[in-house]
1. Say we look at the range 51-65 and pick out the residues that are of a type in the set (Ser, Thr, Tyr) and under 16 Å from Ala23 (Cβ atoms); which of these is surrounded by the fewest Cβ atoms within 10 Å (Cβ to Cβ)?
2. Identify, please: which residue in the range 5-28 is more than 11 Å from Arg61 (Cβ to Cβ) and in contact with a helix residue (DSSP H, G or I) (Cβ under 6 Å, 6 or more places away or on another chain) and is, among those, surrounded by the most Cβ atoms within 10 Å (Cβ to Cβ)?
Amino acid sequence: MDQDLYLLLGVGKRATEDEIAKAYRRMALIYHPDKNDHPESVEHFKKIRAAFDVLSNKWTRADYDRQHRTKPKPENRKPTHSTTQQSTALNIFPTLCVIGGAIFGAAIAISTNKWFNSEESEGSDKESKNDK
């Protein structure tokens, strides 16, 4: 896995086990395939789960930290056009999911509010007819 596991979970390198668990739960609520029907959500969730599995265990986390501390960074490497497109698509994926979730939530709230208001107005109409 080439991706930074800390970045994937949205935590710092000094995050506690509790912070890592909370970050995983937060990300799972967004990206779990049962919650998100985006075609890439399954693969993204697998990456999040793998990151959690490594970072939540003190031994595997120490190994990961050790390996990534000594890993040399490639110099003067320019990404190809397709790599740039893929990375841009993956960078906007979380944003699109959050926006889609917010729109869906707002639509549900509006329709629920309309339903409750229509029930209340129907109930008050019936009461006023019974009073006559």
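The values are calculated or read from the model by the stated rules, or taken from the named source; none is laboratory data. What you are looking at is a predicted structure, and each value in this text was computed from that prediction instead of being measured. Here Cβ is always computed from backbone atoms with ideal geometry, including for glycine, and neighbour counts include all displayed protein chains.
1. Among those that are of a type in the set (Ser, Thr, Tyr) and under 16 Å from Ala23 (Cβ atoms), it is Ser56.
2. Looking at the filtered set, the residue picked out is Leu9.
Table: residues versus (1) modelled with pLDDT of 90 or more; (2) under 12 Å from the mean Cα position of the chain (by Cα).
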site: Val11; (1), (2): yes, no
site: Arg14; (1), (2): yes, no
site: Glu17; (1), (2): yes, no
site: Arg26; (1), (2): yes, yes
site: His32; (1), (2): no, yes
site: Lys35; (1), (2): no, yes
site: Ser41; (1), (2): no, yes
site: His44; (1), (2): no, yes
site: Lys47; (1), (2): yes, yes
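Table: residues versus (1) in the same structural domain as Arg66 (by TED's automatic domain parsing); (2) of a type outside the set (S, T, N, Q); (3) touching a residue at least 12 places away in the same chain (Cβ under 8 Å); (4) part of a loop (DSSP other than H, G, I, E, B).
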position: Asp2; (1), (2), (3), (4): yes, yes, no, yes
position: Leu8; (1), (2), (3), (4): yes, yes, yes, no
position: Arg14; (1), (2), (3), (4): yes, yes, no, yes
position: Ala21; (1), (2), (3), (4): yes, yes, yes, no
position: Arg25; (1), (2), (3), (4): yes, yes, no, no
position: His38; (1), (2), (3), (4): yes, yes, yes, yes
position: Val42; (1), (2), (3), (4): yes, yes, no, no
position: Phe45; (1), (2), (3), (4): yes, yes, yes, no
position: Ala50; (1), (2), (3), (4): yes, yes, yes, no
